[in-house]
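Working notes for the structure below.
The values are calculated or read from the model by the stated rules, or taken from the named source; none is laboratory data. Bear in mind the structure is a predicted one, so any value in this text is a computation, not a measurement. As a convention, Cβ positions derive from the backbone with ideal geometry for all residues, glycine included, and neighbour counts pool all protein chains shown. Note: accessible area is taken over every heavy atom of the protein model, side chains too, but ligands, DNA and RNA are not part of it. Shrake-Rupley method; radii C 1.70, N 1.55, O 1.52, S 1.80 Å.
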Amino acid sequence: KNQVEQSPQSLIILEGKNCTLQCNYTVSPFSNLRWYKQDTGRGPVSLTIMTFSENTKSNGRYTATLDADTKQSSLHITASQLSDSASYICVVGNQAGTALIFGKGTTLSVSS
Amino acid sequence: DAGITQSPRYKITETGRQVTLMCHQTWSHSYMFWYRQDLGHGLRLIYYSAAADITDKGEVPDGYVVSRSKTENFPLTLESATRSQTSVYFCASSADRDTEAFFGQGTRLTVV
């Protein structure tokens, strides 16, 4: 069964600290992996998209990594800010392009 | 304004009533999607459309109907609303199936 599992479920960090969110997937055949940020009450916003051949992609303070062999991805946030408080969702696309499988998200709270 | 917009933002309806949620995008994206987001679940695909007059079922299509007579609009209709359809509904669009998807602000639907 195609699944996307994220950990931790929630995380609290102090402003200025770094953190790493994890994503494991069983989607096969795999096409791409995406990370989205969703603020409370808003729609998800794309952070990165990686294909099978890419193993890292950055978007400002956000860096995503992908290991297609172990089917794992991580999202690293550097020098966190209060505005980083949100849900971060890992999404995997299948090769047929017929489905995006969403993880349940990691809720990040950044405190001052 | 450019972008993707959903209406209404909030809706309360009674069991058994027909409800239509609207989605409009200004990019002329080929692909459009409807998702629902519930606590304890990742976003789940209801229906998607690859082009005008082409629609296909997603993971949870029962009780929903879509149409796409124009590229820019993708309405979602609940033919006879049930309490289990209480959810937050997101519309999204993308130029291609493997490219970045842009989400609307969401419609919070409550069926009483």
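The table for this structure:
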read-out	value
Summed residue charge, Cβ within 13 Å of B:Arg108's Cβ, Lys/Arg positive, Asp/Glu negative	+3
Normalised per residue, the volume of the convex hull around the Cα set of chain A (Å³)	92
Dipole moment magnitude, nearest 20 debye, the stretch A:7-58 about Cα centre, only Lys, Arg, Asp, Glu C-beta charged	60
Contact order normalised by residue count of chain A, Cα under 8 Å, 6+ apart, percent	37
Charged-residue dipole, Cβ positions (Lys, Arg, Asp, Glu), the protein assembly as shown about Cα centre, Debye nearest 20	400
Between the stretch B:39-112 and the stretch A:66-91, the alpha-carbon center distance in angstrom	26
Gaussian network model of chain B, Cα within-10 Å springs - most flexible of B:Asp98, B:Asp38, B:Asp53	B:Asp98
Sum of side-chain charges, B:Ile46 neighbourhood, beta-carbon under 14 Å (Lys, Arg +1; Asp, Glu -1)	-1
Highest-fluctuation residue, B:Ser93, B:Ser84, B:Ser30 considered, GNM on chain B with Cα pairs under 10 Å	B:Ser84
Accessible carbon and sulfur surface of the stretch A:1-85 relative to its total accessible area, %, 1.4 Å	48
The protein assembly as shown: Rg to Rh, with Rh as the Kirkwood radius over Cα pairs	0.97
Calculated diffusion of the stretch B:37-112, Stokes-Einstein form, Kirkwood radius summed over Cα pairs, 37 °C and 0.692 mPa s, µm²/s	246
Candidates B:Gly63, B:Gly42, B:Gly16, ranked by Gaussian network fluctuation over chain B, Cα under 10 Å, top entry	B:Gly42
